[in-house]
Amino acid sequence: MIHPVLATTDSPRNIGVVGGGIGGLTAALCLARAGHNVQVFEQTDESVATGAGIQVSPNAARVLHHLGLQDALMTKGFLPKATQMRSWRSGRVISETTLGDVALERYGAPYYHIHRADLMDMLVSAVSAEPTIRLNVSSRITNFSQDATGVRLVAGEHKHQVDLLIGADGIHSSVRACLWGDQQADFTGNVAWRMLVPVNRLPEGLIAPNATVWWGPGKHFVHYLVKGGDYVNCVCVVEKAEWQAESWVAAGSMSELQADFAGWHDTIQQLLDQTDDGTLFKWGLFDRAPMRTWGIDRVSLLGDACHPTLPFMAQGAAMAIEDAAVLANCFSNGADVVAALRRYEDLRKARTAGVQRGSRRNATVFHLSGLKAWLRDRAASKAGKHSMDRLYRYDPLTVGLDAVSK
Ligand SMILES: Cc1cc2nc3c(=O)[nH]c(=O)nc-3n(C[C@H](O)[C@H](O)[C@H](O)COP(=O)(O)OP(=O)(O)OC[C@H]3O[C@@H](n4cnc5c(N)ncnc54)[C@H](O)[C@@H]3O)c2cc1C
């Protein structure tokens, strides 16, 4: 059976996508497979992955599978057996969500851990093999204009005209700023340290094949395996009153990180002990409130450009991947450009806003202390092993297929 998102359209459009990150490249692939011609404009000289690991839940994995990336994901990724919440000092397991084969059976797609560079490599190779996608690197888009016939944009010395434009240019989106004015993202009071630790430096069995989230007062620590299980990806989140670095990313020092996690469980200490000082980076975590309206006429937004999300549900990239499939579905039947974009936004706004709010809520919930933490732990332990069903069962490949309006 030909899956709907891969079906061809009878009226191909020329589509511009600003941003060659996970969202932009997935959108280009979904749109090209639906029969459209796509130009991606990426400001860097190659599509690069920042950060280390990323969790790809079944709701996003099923889109990547339909784009033909299943074998590559199986080869480069790691399939965790569970997500576990543990207590920062004692290590007690507070709650567990079953993944592994159970996730595959329950959701029809696996849960992957993968290095971002590996995922980006897969997307870039798939894009390069697609004759109807042109990836323009070193192409920073700063402005555009539109009328009833199309959208005109300038990248350096080159001018382009497209039927519609999608801003997939991340949390500091220029497309969003052109549409709605330039507003700074909000510092959420959290800083994330990110590092990779080679498994062969650690005692055997120290790191279970799970995504583990250690909850502690004012902080949490996440680790999971990537690169086929050869490295432990760590994200260590600490509440800080302000973020003073000029850039969104800054080098961090081991002594500061060790001080932040002093007194935490021995597993955390061993991970910190095996981290190379020079490889440490810390990120200010920013987000924005959900938007009431994403696009205007022939221009819309996708991924972090319209719903930047704290990583505390591991769903930011997953939402961008879902957007990509739904967008392609909205254009699969020769739909009017403006109507199809509004339909795409209507189908996606509530779900992405829910994930934005849930991730913000987790920033508080993960960091509780005292009686509030005890009550949280008791509620979490009763939540059951399939508490993520609503999130993971969503099938973006089928959403929007009824959107036929010529
Ligand atoms: C610590 C941390 C951990 C995370 N973990 C997870 C996780 O486990 N699972 C998950 O699903 N999500 C996770 N996320 C969120 C995820 O990283 C983002 O939601 C995702 O990368 C957004 O993808 P995007 O394509 O929308 O934007 P981006 O990845 O930001 O890509 C935007 C692209 O646009 C380009 N660009 C920007 N401006 C222009 C311009 N004017 N012209 C041309 N190009 C431009 C940029 O160079 C970039 O390549 C995490 C985030 C953080 C910070």
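What is the angle, in °, between the Cα long axis of helix 116-128 and the longest principal axis of the Cα atoms in the chain? Nearest 10 is fine, range 0 to 90.
Rounded to the nearest ten degrees, it is 20.
How much length is gained on full extension from Asp45 to Asn143, taking 0.36 nm per residue of separation minus their Cα-Cα distance?
Using 0.36 nm per residue and subtracting the Cα-Cα distance, I get 33.4 nm.
Compute, for the chain, the length of the dipole vector about the Cα centre, with Cβ point charges of +1 (Lys, Arg) and -1 (Asp, Glu) only. Units Debye, rounded to 20.
1260 debye
Given q = 0.09, 0.10, 0.11 Å⁻¹, what are the Debye log10 I(q)/I(0) values for the chain, with equal point scatterers placed on the Cα positions and solvent ignored?
Debye output, listed in q order: -0.53, -0.66, -0.80.
Loop sites only, by DSSP: take the GluC sites (Glu not before Pro) in the chain that have at most 16 other C-beta atoms within 10 Å and name the longest stretch containing none of them.
247-406
Where is the GNM fluctuation largest for the chain (alpha-carbon springs, 10 angstrom cutoff): Gly228, Gly53, Gly263?
Gly263
Can you give the convex hull volume per residue for the Cα atoms of segment 251-303, as a whole number of Å³?
Convex hull of Cα atoms, per residue: 144 Å³.
I need the P(r) histogram for segment 97-216: all alpha carbon pairs, bin width 10 Å from 0 out to the longest distance, whole percents.
Going from the shortest bin to the longest, the percentages are 9, 22, 27, 24, 15, 3, 0.
Where does helix 22-33 land angle-wise versus the long Cα axis of the chain, in degrees 0 to 90, nearest 10?
Here the helix axis deviates by roughly 40 degrees.
Against the longest principal axis of the chain, how steep is helix 337-365, in degrees 0 to 90 to the nearest 10, with axes from Cα atoms?
10 degrees
When DSSP beta bridges are limited to those with both residues in the chain, what percentage is antiparallel, rounded to the nearest 5?
In the chain, DSSP labels about 70 percent of beta bridges as antiparallel.
Among the listed pairs Lys81/Lys385; Lys240/Lys282; Lys159/Lys349; Lys219/Lys240; Lys81/Lys349, give every one whose C-alpha distance is greater than 21 Å.
Pairs exceeding 21 Å: Lys159/Lys349; Lys81/Lys349.
Taking every pair of alpha-carbon atoms in segment 210-286, what share in percent sits in each 5 Å bin, from 0 to the bin with the longest distance?
Pairs per bin, as whole percents: 3, 13, 26, 26, 20, 10, 2, 0.
Each reported figure results from applying straightforward, stated rules to the coordinates on display, with no laboratory input. Since the model is a prediction, treat every value here as computed from it, not as a measurement. All Cβ positions, even for glycine, are placed from backbone atoms using ideal geometry, and neighbour counts span all protein chains on display.
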